[in-house]
Every structure is written in structure tokens, then in C-alpha cells.
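Have a look at the structure below, then the notes.
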């Protein structure tokens, strides 16, 4: 029986929509191409606050939060929460993290717990701004905790602000935020946008330092991991779990994880949520008008317009309690929204790559992040086997450009010019350059005082795409703005889709099978 999520293209089909950076394009796909669509958005829970309260009062594998607070042993609490790298795009207010924290803080207030800090778990990401904090947490929480310095970003480079907790059985160092480590209770508030998020990736990574994350964010792990999006099969996740066990021996953790549906687009952009053959006249007119406006706008304005409307996500579930059982329930919820059964691999996979990824919120998708988002994320959205066969070709619709945000990504700029000009081999990059960037006083200063990603971050994002790059025979970008940037990151270029397909067929065969991964919203291809 054919999957309702897979449509095989005929000569009578209309052109198919592809994201192209900060704009869109419609392409006629060859007959026989399989278009793989995401699932329709799941219905949200009727009352998100009631579901949050029920989860906290009926936790998995742990006592209810009220019962823990009534013992009188919990006087020092740290609430850690995910940063702006998710959800993408940002959520309409109130953000689910705000709703969770309002309920948690009310319980802490009732129990008389006053020593409470809120820490954004950025790890080696950039510090999020006060405006971003305010949007995420709401005005009341922001004002209450920021006025006396109890709301702040984790600082992975604060020499006094982090505590070494020990090593795992395989020798991995575990070092996390000192305030969190010395608390009576850590409450972690998470959004699980994809299966890679959450679980033991939250506290031992989000609140960690370079000393810790180098054990799993490295070239060897990234080259040999079967899929970062398939936790039971992932050596990356095994490392996080070992570190989580060390943390749990030192401090109590109460995990609260939330899941969202695939409702990404404001009703004004409803055509983006529909399959092309279901577009009505209004959808076609809206598409034409928006595409024209985006294509005519200067680049900074185009990026602002493209990301202007927050997403009307619906909450699909909340689970609280012990990290392990909570995350198992969370992953089941994510799978319900994202998992799509696919019965074979393909020679060629087409992807329309948007401009928004986890590491360029309110910024630019520079060439290194293009490599990470395509070969790291989109390639790895699978369970079992990759959608593209070994030696196959990925074709991207994206206007790759040689552009960098020098505030957010200063080490990326230098990595691109200094390191990638000499080698693209992740093991060689790690051996020759990583330590220098990771321990640079200059990058450390920018990370701590500005809004810059840590000096080592571009290395990790490059490693993130290394498994996909090693698996695929070629990645071809359609009509990039900079062929030089494509060449630097190891991508080929083509002027049109037809030219890209001709080049790909020359590599994999004239009768190549083709799939179009129709995203966003995110979907996970189940090829088990």
C-alpha cells in the first residue's frame, strides 16, 4: 500500500514549491520523482497549562514536585532552559517555556523557596539577548529575575563559574555550571523539536564546557555515528547518557520536556502548509506576491521579512520527572508528528534549504552552516538508513553566499578563510586547528562579553556534516550566489535544476531514482 505522504510525480502535476534561502521557487520535477511530504500538524492539547500542571503533579519515575518541595530539603533551585536555537521559527507568545516556568515558579513561591536562578543553557552557543529572553519567558518573569541578576546565560568560560564533577567509565570529563551543580535541585525546561534534542543532552551538554563536549562533539564521533536523530542507535547519545549519570550522582534533576506540532506558518502563509495540488486561487496569489516582495527586497530586509511571523505551534504533550522515562515518552510524541514511512533509498535527493537553522537565529546562514544544515541535519533526518543511498547525490536549492555575521560568527569567518582554505578533512582540521580556536583568548572574550559563538563552534558544525559528506558522492547547489563559497565547502554548482539533475545522473546513472524531501515542516524518513 502506497504511503499517503509520498506522491509520485506525473506530467500533469503543477510545479512544486521549494524553499530557497529567504525566498521560494517553484520547480517542475521529472515524472517518476517521489515527493515525500511531512505529516499534517497533530491536534494540540485543549489546555496547555492544565497538561503542564498534570505532568508536574504526576511525574514519570519521580515524586511530584510539590512533594519534593515539602520535605524542606530543597532551598536552592536552578531552572535551566533551552536557548533560541529552537523552536524554529520562534513560537508565538506565550512560549511554552514561559507557561512551564510560570507554573513551576508558583509552586516554588508557595513552598517558600526564594533562592532561585534561571539560566539559559547555551553551552558554546552565543549569549541570547535581553529581547530574546523577554520574548521567550514573558515580561513578568523577565522583569522579576533580570532586575537582581538571577536570569542569565550560562558561561562555559567562566573560570570560577563551572564545576568539575568527575569522569565517566570511559574517561569522559564532566564539567557543568557551578550554580547548577551546587543546587539542591535542577529543573530543566525543554522543547523537543527533533529527536536529537532533550534527554541527557540537556543538562550535561547545555550547561557544560568545552572540556566536556569535546568528548562527543568530535570528528571521530561525528564521522562514525549512524544518525544523531536516532538516539537508540547513536554513539553521540550514549556519551551524553554516560555524562548524565555522573551529573545525577551529584545533583537532583527534575526534567520537564514539551513537544510541539508541525504548525509552523501563520494563516497568512497557509500555502506553505499545503500540498501544491491543493492550492486555491488565493494561495497562488499569496505565493506570487510574497515571492516578488522577497526577491525585490534588499538582503537584510528580506531576512527580516522571511522570519517576521512567529509560528502558531500547538503543544502536543508535556512529560515531567526522571530524565530517562520522560525522554522516552517525549520521543514517542515527536515520532507521532514527524515519522514518515519510506520503503527505499534514492540515488538523488532534492532539498529546498531554508535560510533559518539552529545556529543563525537573527543572523546569516553562512557557508559553514549551509554545509551543517544540509549534510548534517537534512541528511540525518532518517531512522534506519539514510534517504539518499551511499554514493548518491543531494541537490540543494539555496543561494549560497560568502557572507558572515561578524558579531555572531567571528570564528566561523576565520575558520572559513584560514582552515578550509587548507583542508576540508574533519580529522585534519581537528588535529591542526581545533585547540588553537577553542583556547583562543580573543574568541573566549567575544563569547563571554558579546554575542559570539564559542571559538570551537565552527569545527563542531563542520564535524556535524562530515558523516553525510562521507556517505554521499556529491552535493550540488542550484544557482549559488558564490561558486567560490560552494567550492570551499566541497559542494558543486549548477545554474538550473535541469543542469543539476544532468550532472547527478552522470554520476549515479541515467535511470536514477529521485526523491524530493518536502520540508519544512521537519519530517523523519523511516527506512527501517
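The values are calculated or read from the model by the stated rules, or taken from the named source; none is laboratory data. Remember, it's a predicted structure, so these values are computed and weren't measured experimentally. Here the Cβ is made from the backbone with ideal geometry for all residues, glycine too, and neighbour counts use every protein chain on show.
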**OP:** Would you check which residues across segment 284-313 are buried (at least 18 other Cβ atoms within 10 Å of the Cβ) and either within 30 Å of residue 199 (Cα to Cα) or touching a helix residue (DSSP H, G or I) at 6+ places or on another chain (Cβ under 6 Å) (or both) and list them?
**Re:** 287, 294, 302, 311, 313
Original post:
Can you tell me which of 369, 365, 353, 420 is farther than 23 Å from residue 29 by Cα, at pLDDT 95 or above and in contact with a strand residue (DSSP E or B) (Cβ under 9 Å, 6 or more places away or on another chain)?
Top reply: 365
Original post:
Looking at segment 393-413, is at least one residue in contact with a helix residue (DSSP H, G or I) (Cβ under 6 Å, 6 or more places away or on another chain), more than 25 Å from residue 236 (Cα to Cα) and part of a helix (DSSP H, G or I)?
Top reply: yes
Subject >> For residue 170: the one exception among (1) surrounded by fewer than 19 Cβ atoms within 10 Å (Cβ to Cβ); (2) under 25 Å from residue 45 (Cα atoms); (3) touching a helix residue (DSSP H, G or I) at 6+ places or on another chain (Cβ under 7 Å) >> reply: (2)
Subject >> Condition broken by residue 26, with the remaining ones in (1) more than 25 Å from the chain's Cα centre (by Cα); (2) crowded, with 18+ Cβ neighbours inside 10 Å; (3) outside the structural domain of residue 137 (by TED's automatic domain parsing) satisfied >> reply: (2)
Original post:
Among the residues of segment 177-185, is there at least one that is over 28 Å from residue 106 (Cα atoms), surrounded by 23 or more Cβ atoms within 10 Å (Cβ to Cβ) and under 26 Å from the mean Cα position of the chain (by Cα)?
Top reply: no
Original post:
Residues that are in contact (Cβ under 8 Å) with a residue 60 or more places away in the chain and either in the same structural domain as residue 365 (by TED's automatic domain parsing) or over 29 Å from residue 410 (Cβ atoms) (or both): which helices (runs of 4 or more DSSP H) entirely in segment 76-162 hold 1 or more of them?
Top reply: 96-110
**OP:** Select from segment 255-272 the residues that are in a loop (DSSP other than H, G, I, E, B) and touching a strand residue (DSSP E or B) at 6+ places or on another chain (Cβ under 9 Å) and list them in ascending order.
**Re:** 261, 263, 264, 265, 266
Subject >> Selection from segment 211-221 of residues that are out of contact with any strand residue (DSSP E or B) (no Cβ under 6 Å at 6 or more places or on another chain) and surrounded by 22 or more Cβ atoms within 10 Å (Cβ to Cβ) >> reply: 213, 216, 217
Original post:
Which of the residues spanning segment 475-491 are touching a helix residue (DSSP H, G or I) at 6+ places or on another chain (Cβ under 7 Å) and surrounded by fewer than 19 Cβ atoms within 10 Å (Cβ to Cβ)?
Top reply: 490
**OP:** Identify all residues within segment 478-528 that are assigned to a strand (DSSP E or B), within 30 Å of residue 270 (Cα to Cα) and more than 25 Å from the chain's Cα centre (by Cα); write none if there are none.
**Re:** 514
**OP:** Look through 471, 445, 467, 451 and report the one residue that is in contact with a strand residue (DSSP E or B) (Cβ under 6 Å, 6 or more places away or on another chain) and not assigned by TED's automatic domain parsing to the domain that holds residue 217.
**Re:** 471
